[in-house]
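Notes follow once the structure below has been shown.
The values are calculated or read from the model by the stated rules, or taken from the named source; none is laboratory data. Keep in mind that this is a model prediction, so the values were computed, not measured. Don't worry about glycine lacking a Cβ; one is built from the backbone with ideal geometry, like all the others, and counts go over all protein chains shown. These area figures cover heavy atoms from the full protein model, side chains too; ligands, DNA and RNA do not enter into them. Shrake-Rupley method; radii C 1.70, N 1.55, O 1.52, S 1.80 Å.
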Amino acid sequence: MRDRIGKGRLDAPTMRTAICHRHPLVLLGLKHLLTTHTSCDVVHLSDHELPGSLEDIDILIVEEEFLEREAAPAVRTDGHHSPEIVPLGVDAQPEDVLRRVTGRRAVPVPHAPAAGHGWAAPLSQREQEVLQFIASGLTHDQVARQVGISRHTVDTYVKRVRTKFGVRNKAELTRVALGLKLV
């Protein structure tokens with residue numbers, strides 16, 4: 001683990017973290033979870049490969065199937081530094097990951113109930129509603145009229161969703177909505 005200097009004082013140790021999972025939404029959800037609830041610095045995010053070198057990684061969070069198929073030979077220790085490996089089963093919950101990463105009982109993390117696997121960044125009911133309309137092809141003005149809010153408020157909800165999932169355009173928003181089974 002490395003120390004992070006912040007505004008003239010020593011902050012909590014920064015844990016350089018790699019996340020490997022075959023589902024992109026899970027990757028984004030895990031990154032959001034770790035960067036908002038821990039001192040993890042996510043330095044590698046991939047749906048198909050491990051980081052080039054594991055020597056600079058403190059924690060490797062990896063889907064169990066991915067670990068068995070692709071990563072098992074690569075993460076075996078050979079006397080050099082090896083990361084703490086956090087395998088993710090299909091039934092893993094955000095609280096489980098936080099507990100494993102931080103080593104202490106984690107505070108429950110809310111997540112969008114519409115997410116089939118529970119790893120999506122938390123969305124409010126209104127953010128889900130706005131995302132659903134946007135993904136269905138409505139303009140911001142049409143969404144505002146449909147929901148009964150101002151266009152400016154729709155813009156705000158869309159910006160929040162984009163930030164939570166790290167997406168830039170409506171096509172990517174639509175993919176998020178599909179992944180969350182909102183459309």
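Summary table
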{"quantity": "Within segment 130-145, considering residues that are open to solvent by less than 60 Å² (accessible area, probe 1.4 Å) and within 21 Å of the chain's Cα centre (by Cα), the one nearest to residue 30 (Cα to Cα)", "calculated": "131"}
{"quantity": "Criterion violated by residue 31 - all others in (1) open to solvent by 70 Å² or more (accessible area, probe 1.4 Å); (2) modelled with pLDDT of 85 or more; (3) in contact with a helix residue (DSSP H, G or I) (Cβ under 9 Å, 6 or more places away or on another chain) satisfied", "calculated": "(3)"}
{"quantity": "Selection from segment 146-183 of residues that are in contact with a Leu (Cβ under 9 Å, 6 or more places away or on another chain), modelled with pLDDT of 85 or more, over 13 Å from residue 126 (Cβ atoms) and open to solvent by 60 Å² or more (accessible area, probe 1.4 Å)", "calculated": "162"}
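Residue-by-condition table, conditions (1) at pLDDT 80 or above; (2) surrounded by fewer than 12 Cβ atoms within 10 Å (Cβ to Cβ); (3) small (Gly, Ala, Ser):
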| residue | (1), (2), (3) |
| --- | --- |
| 86 | yes, no, no |
| 89 | yes, yes, yes |
| 95 | yes, no, no |
| 99 | yes, no, no |
| 102 | no, no, no |
| 105 | no, yes, no |
| 111 | no, no, no |
| 115 | no, no, yes |
| 121 | no, no, yes |
